[in-house]
Amino acid sequence: MQKILFFFLIAYGGCGATEHNTSQLPFTSSLPASPVYHTIGAIPVPEGFVRVKSGTGSFGYWLRNIKLKKDNTVYLYNGKTKPNQSAQYAVADIPVGKKDLQQCADAVMRLRAEYLFDQKRFSEIVFSDNSGKKYSWKGGADPFSFPQYLERVFGMCGTASLEKQLKPLSVKNIKPGDVFIKGGFPGHAMMVADVAKNKNGKTVYMLIQSYMPAQDIHIVKNPAIPGSPWFEVNEGTEVVTPEWTFLSSQLREW
């Protein structure tokens, strides 16, 4: 992995995920609790599925290498445990901060911004507020002022503005890094953390989120398949997650 922000070193320490995880379990079966997995890319795919190829330097590759905590508890920004502890399959080892800022769209923007920072694609780190005003990162490779930039983005941008910024995408073309989003007050946003396919053309994916109030970023479970973090692509249907329901037409890409 490329140079990363000093304050996120614990979260992303190294590149431990393999490009194709051969561990497989039946799609309808419960998977083991997440602490046995060290990265998103180490979570087994359903039986008969293979992760889509994501080359080194791609957003998908970067997402797969996000480290997971051994403690599967989701904590709020104030150190308290989240009341609902049934939604998460795994918890990302990413600091939530001490302010009520890293909510749903904020987590999505943070992951995208950190990836671009890591790749030194600084000019692409741009987010817009609801009126269209742009907030661009101007600090180059300086990691010290980057958190302040992100806090400003979190305060000025949200689901409504991010939905406008992203481009509609057919769910049949889903890929890591895409975003299910419903702009509004309230609204919600969740990022596609990983994607796998089988030889019959079926596609499954994992979703990662934060929520309200600000809390640890986490992979969610599929409520329809006990113990599994994988969702199956079905065009024209709802995407039912533990704390929000999207339409499949609400998928967006960067």
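The values are calculated or read from the model by the stated rules, or taken from the named source; none is laboratory data. Only a predicted model underlies this, so the values are computations on that prediction, with no experimental measurement involved. When we count neighbours, we look across all protein chains shown, and the Cβ atoms used for this are built from the backbone with ideal geometry, even at glycine.
A few points about this structure:
- Pairs with Cβ under 9 Å, 6+ apart, first in segment 68-92 and over 17 Å from residue 107 (Cα atoms), second part of a loop (DSSP other than H, G, I, E, B) and of a type in the set (Phe, Trp, Tyr): 84/211
- Each residue in segment 127-155 was checked for being surrounded by fewer than 15 Cβ atoms within 10 Å (Cβ to Cβ), among the hydroxyl-bearing types (Ser, Thr, Tyr) and in contact with a strand residue (DSSP E or B) (Cβ under 7 Å, 6 or more places away or on another chain), and 1 pass.
- Residue match in segment 162-171 (condition: of a type in the set (Val, Ile, Thr) and part of a strand (DSSP E or B)): no
- Across segment 103-124, the qualifying residues are those that are acidic (Asp, Glu) and in contact (Cβ under 8 Å) with a residue 12 or more places away in the chain, and the one among them that is surrounded by the fewest Cβ atoms within 10 Å (Cβ to Cβ) is 118.
- Identity of the residue in segment 44-57, in contact (Cβ under 8 Å) with a residue 24 or more places away in the chain and part of a loop (DSSP other than H, G, I, E, B), that ends up surrounded by the most Cβ atoms within 10 Å (Cβ to Cβ): 54
- Filtered residue count, segment 221-245, keeping only those that are in a strand (DSSP E or B) and either crowded, with 19+ Cβ neighbours inside 10 Å or small (Gly, Ala, Ser) (or both): 2
- Among residues of segment 182-206 that are over 20 Å from residue 39 (Cα atoms) and surrounded by 15 or more Cβ atoms within 10 Å (Cβ to Cβ), those with a Cβ under 6 angstrom from a residue that is modelled with pLDDT of 95 or more and polar (S, T, N, Q), sequence gap 6+ or separate chain, pair up as 182/250; 183/159; 187/159; 189/159.
- Taking segment 58-94 as the range and being on the phi < 0 side of the Ramachandran plot and loosely packed, with under 15 Cβ neighbours inside 10 Å as the test, the residues that pass are 70, 71, 73, 78, 80, 81, 83, 84, 85, 86.
- Members of segment 123-172 found to be touching a Phe, Trp or Tyr at 6+ places or on another chain (Cβ under 8 Å), hydrophobic (A, V, I, L, M, F, W, C) and over 22 Å from residue 184 (Cβ atoms), listed by number: 125, 126, 137, 141, 146
- Restricting the first member to segment 233-247 and to residues that are closer than 14 Å to residue 219 by Cα, and the second to residues that are crowded, with 19+ Cβ neighbours inside 10 Å, the beta-carbon pairs closer than 7 Å and six or more apart or on different chains are 241/190; 241/207; 241/220; 242/220; 242/221; 243/211; 244/188.
- Segment 194-220: number of residues that are in a loop (DSSP other than H, G, I, E, B) and more than 14 Å from residue 68 (Cβ to Cβ): 9
- Answer from 176, 147 - the residue that is touching a helix residue (DSSP H, G or I) at 6+ places or on another chain (Cβ under 8 Å) and part of a helix (DSSP H, G or I): 147
- Residue that is nearest to residue 228 (Cα to Cα) [pool: residues in segment 79-94 that are under 14 Å from the mean Cα position of the chain (by Cα) and not in a strand (DSSP E or B)]: 93
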